[in-house]
Amino acid sequence: MIAIISDIHANTEALTAVLEDIAGRDVEKIICLGDVVGYGPEPKQCLDLIMAKASVTLMGNHDYAVLFEPNKFNIGAESACFWTRRQIEAEADEALRNRYWDFLGNLPVKHVLPGEDSGAGELVFVHGSSRRPINEYVFPDDIYNNPNKMQLIFDRFEHLCFIGHTHVPGVFVEAPDFYSPEELEGVYQVDSGRKALINVGSVGQPRDRDVRASYALLERGVVRFIRVAYDVGTVVEKVSAVPELDDYLGTRLKEGR
Ligand SMILES: [Fe+2]
C-alpha cells in the first residue's frame, strides 16, 4: 500500500497526525506531492519529518518559491515565503541548513511508477498537473469552464495521475467529470479502462470545508480518501505568534478553506 500526501504547508500538527495514522496501517512507502513549506509556522520541522519519512517528495510551487521566486503569489503567501526562506537561512547548524537547501533544490517535478502491484496501469505523481507539474491548478469547475484544458491534461498521462496543489480532494475522469470523496463514499475503484486524475487533498491546509487533514491510500485496485483530525487551535496560535505570517493563514484552518 502506498500513502500519497501533499500540501503540508509547514503544519507540524497536521503532518504528525497523518504520519501516525499512516504508521497504524500497512503502508510500504509515502509519496509526498510537494508544498512541504509555505503558509505555515514550522517549515523546518516539516522538512525534518518529510526528509525522514517520505520515499519520494516532489517540487511544489511553494517549495519552488522559497528556493527561487514566488510566482503569482498574493501578499500573504509572498510574505510567508520570504519568512520561510529566512527560517532556513537562520538555521545555525550549517550541515543541517545545507541539507534543507540540497533537499529542496533536488526535488523532482514528476515521479512515475509501474502500477501492476496496485492493480493499475502507469502511476504518475506531480504537484499541479500532468501538463504543468509545478504550477497548474486543476479545479472541479474546469470540467464546465475549460473542457479543452482537461483534455490536454488527460492526454499527458496513461492511467492514473495523482495531484495536489488546489487542496481540494477528489477524482477527475476524462468525460470530463469530477467526484468528491463524499460522492465516492471515500473510495475510488480503479477502472483499468478509464483514466483518473486523483487529487489527494491537503495535509496542512484543506480547502474543502473539512478542517481535518486529507491524504490518500492506494492499495490493490482502490484509492481510499482519508481524513485525520488534528489540533488546529495550536497551529492557529503558532501562526498568530509570527508577525510575518498573516493571521488568516491560521484562522482559515478553522474553516477548512
Ligand atoms: Fe499548496
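The values are calculated or read from the model by the stated rules, or taken from the named source; none is laboratory data. This one's a predicted model, so the numbers in the text were calculated from it and none came from an experiment. With ideal geometry, Cβ positions are generated from the backbone for all residues, glycine too; neighbour counts draw on all protein chains shown. Only protein heavy atoms, including side chains, enter the accessible area calculation; ligands, DNA and RNA are left aside. Shrake-Rupley method; radii C 1.70, N 1.55, O 1.52, S 1.80 Å.
Based on this model, can you work out whether Ala92 counts as touching a helix residue (DSSP H, G or I) at 6+ places or on another chain (Cβ under 7 Å) and either buried (at least 16 other Cβ atoms within 10 Å of the Cβ) or in a loop (DSSP other than H, G, I, E, B) (or both)?
In short, no.
Out of the stretch 135-156, which residues are open to solvent by 40 Å² or more (accessible area, probe 1.4 Å) and either within 16 Å of the ligand (Cβ to nearest atom) or in a loop (DSSP other than H, G, I, E, B) (or both)?
Asn135, Tyr137, Phe139, Asp141, Asn146, Asp155, Arg156
I'd like to check something: does the stretch 59-71 contain any residue that is within 30 Å of Glu158 (Cβ to Cβ), modelled with pLDDT under 95 and open to solvent by 10 Å² or more (accessible area, probe 1.4 Å)?
So far as the stretch 59-71 goes, yes, one or more of its residues are within 30 Å of Glu158 (Cβ to Cβ), modelled with pLDDT under 95 and open to solvent by 10 Å² or more (accessible area, probe 1.4 Å).
Give Leu184, Leu197 a once-over and let me know the one that is at pLDDT 95 or above, more than 16 Å from the ligand (Cβ to nearest atom) and over 16 Å from the mean Cα position of the chain (by Cα).
Leu184
Only one of (1) within 16 Å of the ligand (Cβ to nearest atom); (2) in a loop (DSSP other than H, G, I, E, B); (3) polar (S, T, N, Q) is not met by Ser192, so which one is it?
That leaves (1) as the condition not met.
Please find, among Ala17, Ala3, Ala54, the residue that is in contact (Cβ under 8 Å) with a residue 24 or more places away in the chain, under 21 Å from Val126 (Cβ atoms), in contact with a strand residue (DSSP E or B) (Cβ under 9 Å, 6 or more places away or on another chain) and open to solvent by 10 Å² or more (accessible area, probe 1.4 Å).
Answer to the check: Ala54.
Which of (1) more than 13 Å from the ligand (Cβ to nearest atom); (2) assigned to a loop (DSSP other than H, G, I, E, B); (3) open to solvent by 50 Å² or more (accessible area, probe 1.4 Å) does Phe82 not meet, given it meets every other one?
Result: Phe82 fails condition (2) only.
What tally of residues in the stretch 216-233 results from selecting those that are part of a helix (DSSP H, G or I) and surrounded by 13 or more Cβ atoms within 10 Å (Cβ to Cβ)?
Going through the stretch 216-233 one residue at a time, the tally reaches 1.
Could you tell me whether Asp26 is assigned to a loop (DSSP other than H, G, I, E, B) and open to solvent by 50 Å² or more (accessible area, probe 1.4 Å)?
Criteria met by Asp26.
Does Pro108 satisfy the condition of being open to solvent by less than 60 Å² (accessible area, probe 1.4 Å), assigned to a loop (DSSP other than H, G, I, E, B), within 16 Å of the ligand (Cβ to nearest atom) and not charged (D, E, K, R)?
No: the conditions fail for Pro108.
Take the conditions modelled with pLDDT of 95 or more and either more than 16 Å from the ligand (Cβ to nearest atom) or among the aliphatic types (A, V, I, L, M) (or both) and apply them to Ala216. Does it pass?
Yes, satisfied.
Are any residues in the stretch 221-244 touching a residue at least 60 places away in the same chain (Cβ under 8 Å) and farther than 23 Å from Ser180 by Cβ, and if so, which ones?
Asp231, Thr234, Val235, Lys238, Val239, Ala241, Val242, Glu244
Of the numbered conditions (1) out of contact with any Pro (no Cβ under 9 Å at 6 or more places or on another chain); (2) under 28 Å from Val222 (Cβ atoms); (3) not in a helix (DSSP H, G or I), Lys72 fails exactly one; give the number of that condition.
Against the list (1) out of contact with any Pro (no Cβ under 9 Å at 6 or more places or on another chain); (2) under 28 Å from Val222 (Cβ atoms); (3) not in a helix (DSSP H, G or I), Lys72 comes up short only on (2).
State the number of residues belonging to the stretch 7-35 that are in contact with a His (Cβ under 8 Å, 6 or more places away or on another chain) and at positive phi.
4
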